[in-house]
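The values are calculated or read from the model by the stated rules, or taken from the named source; none is laboratory data. A quick note: this is a predicted structure, and the numbers were derived from the prediction, not measured. Cβ placement follows ideal geometry from the backbone for every residue including glycine, while neighbour counts extend to all protein chains displayed.
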Amino acid sequence: MRITNPPALRKLAIALDSLLKELRSRENYLKVAIDELKLTHGKLEEMNKMLEEKVRERTKALEQANKLLESLSVTDPLTGLSNRRSLDYELKQEVSRCLRYNTKLSCIMLDIDHFKKVNDTYGHLMGDEVLKMIGRVLKNNLRIHDIPARYGGEEFVILLPETGIKAACKVAEKIRKLIEKNQVEKNGEKVAVTVSCGVAEFVPGKMNNPMELIEAADNALYVAKKKGRNRTEVYTG
């Protein structure tokens, strides 16, 4: 259709111009909206990465904390050796292994001679240093699969897997002599201590439960104390 009316043409031109302006305005609005969405999406991705990193860090920290708690629950804090709880578990495991594979298992129980006198004379801090020294001697002079533990107070226990009574006695004497040679020094004062040792071997059939091995070593320790201390005695049953 051909339009010959000039006023109508002007109105149409104005309407088209207005429509184009509105379309351009909407186009600009859409561009701005798209740019903002892209920016928001980028920020969300960045925030998501940061959150994932924080989750990884916290998970790692939690795992480390759990490992530390687990370690603390089975470790004597003063000496760094296994504690009584850990020893009880390891003893059951080693006795079970001994019975299953028909291997030998021996135990050494050692006690610091006159430890109360050390505490009374030099103080408990010196006593702590003595305990730490014994912990170091045990950790540095046993096989990797041997199990040294602080049993309580001034008593220590060493589990010796795949070890008969004669070899266990040699280990006990070695440890006893090393401790005797090690002096402890604190605040200019030096202290030398000795230990008494009781040695026992697990005897299947004769011993009915794991704790009987500890009791046997304790009985031998009692004999060592009675015979004058600073010596090793063997449980004879």
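Structure data summary
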read-out	value
Given (1) of a type outside the set (D, E); (2) farther than 29 Å from R97 by Cβ; (3) modelled with pLDDT of 95 or more; (4) not in a helix (DSSP H, G or I), index of the condition K225 fails	(4)
Those residues of segment 140-171 which are in a loop (DSSP other than H, G, I, E, B) and of a type outside the set (S, T, Y), in sequence order	N141, L142, R143, I144, H145, D146, G153, E154, E162, G164
Residue ID - nearest to T194 (Cα to Cα), chosen from residues in segment 91-119 that are among the acidic types (D, E) and either at pLDDT below 95 or outside any helix (DSSP H, G or I) (or both)	D113
When residues of segment 185-207 are limited to those that are farther than 17 Å from D111 by Cα and in a strand (DSSP E or B), the one modelled with the highest pLDDT	E201
Flag for K170 being farther than 26 Å from R85 by Cα and in contact (Cβ under 8 Å) with a residue 24 or more places away in the chain	no
Single condition G80 does not satisfy, out of (1) in a helix (DSSP H, G or I); (2) at pLDDT 80 or above	(1)
Qualifying residue in segment 180-189 (condition: surrounded by 14 or more Cβ atoms within 10 Å (Cβ to Cβ), within 30 Å of S73 (Cβ to Cβ) and either in contact (Cβ under 8 Å) with a residue 60 or more places away in the chain or small (G, A, S) (or both))	yes
Test: residue in segment 183-191 that is among the aliphatic types (A, V, I, L, M) and over 23 Å from T121 (Cα atoms)	no
